[in-house]
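Worksheet for the structure shown next.
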Amino acid sequence: MTVTNDPRALAERAEHDLAEATAAEALAWTVEHFGDRFIVASNMQDAALIELAHRQRAEFDVLFLETGYHFAETIGVRDAVALTYPGVRIVNAEAEQSVADQEREFGLLHQTDPGRCCALRKVVPLRATLARYDAWVTGVRRVDAPTRANTPIVQWDERNGLVKVNPIAAWSDEEFAAFIADNHILENPLVAEGYPSIGCAPCTAKPLPGQDARSGRWAGQGKTECGLHG
Ligand code: SF4
């Protein structure tokens, strides 16, 4: 592991040097520079990113935002990941308030103010967890949304103050699906049931025929992102 006292400069150099890197190259660079000081984020829609990271290092942390509002199937994938990859340490990032306490105090925020709900249950716990690491690895892809179209493979995450690595940023939907199928990667059973983009249960619906994959997230609420990657 190489140590740097200027992670921002490291990220800015890598943004240029690794602009065309493969997922394996980006993850090998992450392991080389950060050892066990990085964490891989997963929404447990599938274990593709975890499998890719596991090919570079057997033991690492996986960040799961345990909002308390997940589908049972998503929790099942998280637990299956822990069994399938024994070196993986699942880090459940939780809000300060339980769902019951939040609903008692504020009602159903996911209906009345989803931005605040995501802030309390995702953004704040994410920030608190990332503060313990020097880099995080995400499954963001450019094809996910117009707001993600310019996602680099490596970047400096100004908001959270650490290096952000997006190893599969350049992957198309077809490449991604082929990787899952060819390598028998764990996948959330809800995908086969018609949910191509899975978040919290109250905010995830099946997209209507002909609509894009993420249209089922916060459907009808004018919201497209949780605020994690903006
Ligand atoms: Fe709340 Fe919905 Fe955001 Fe989950 S996705 S934190 S339920 S608003």
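Structure data summary
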item: Members of segment 194-214 found to be in a helix (DSSP H, G or I) and at pLDDT 85 or above, listed by number; result: Ala201, Pro202, Cys203
item: Count of segment 100-133 residues which are surrounded by 13 or more Cβ atoms within 10 Å (Cβ to Cβ) and either touching a strand residue (DSSP E or B) at 6+ places or on another chain (Cβ under 7 Å) or not basic (Lys, Arg) (or both); result: 21
item: Check on Glu32, touching a helix residue (DSSP H, G or I) at 6+ places or on another chain (Cβ under 8 Å), open to solvent by 20 Å² or more (accessible area, probe 1.4 Å) and charged (D, E, K, R); result: no
item: Among (1) of a type in the set (Val, Ile, Thr); (2) exposed (fewer than 14 other Cβ atoms within 10 Å of the Cβ); (3) away from the ligand (no atom under 12 Å from the Cβ) - the single one Ile90 does not satisfy; result: (2)
item: Among (1) touching a Leu at 6+ places or on another chain (Cβ under 8 Å); (2) crowded, with 19+ Cβ neighbours inside 10 Å; (3) in a loop (DSSP other than H, G, I, E, B) - the single one Gln56 does not satisfy; result: (2)
item: Filter result (in contact with a Phe, Trp or Tyr (Cβ under 8 Å, 6 or more places away or on another chain), farther than 23 Å from Asp17 by Cβ and away from the ligand (no atom under 16 Å from the Cβ)) within segment 108-142; result: Leu130
item: Unmet requirement for Gly230, which otherwise passes all of (1) exposed (fewer than 12 other Cβ atoms within 10 Å of the Cβ); (2) within 14 Å of the ligand (Cβ to nearest atom); (3) modelled with pLDDT of 95 or more; result: (3)
item: Any chance Asn166 is more than 13 Å from the chain's Cα centre (by Cα) and not aliphatic (A, V, I, L, M); result: no
item: Top-ranked residue in segment 53-76 [being away from the ligand (no atom under 16 Å from the Cβ) and over 14 Å from the mean Cα position of the chain (by Cα); ranked as farthest from Ala131 (Cα to Cα)]; result: Gly76
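The values are calculated or read from the model by the stated rules, or taken from the named source; none is laboratory data. Being a predicted model, the structure only gives us computed values, none of them experimental. When we count neighbours, we look across all protein chains shown, and the Cβ atoms used for this are built from the backbone with ideal geometry, even at glycine. Remember, those area values only see protein heavy atoms, side chains included, never the ligands or the DNA or RNA. Shrake-Rupley method; radii C 1.70, N 1.55, O 1.52, S 1.80 Å.
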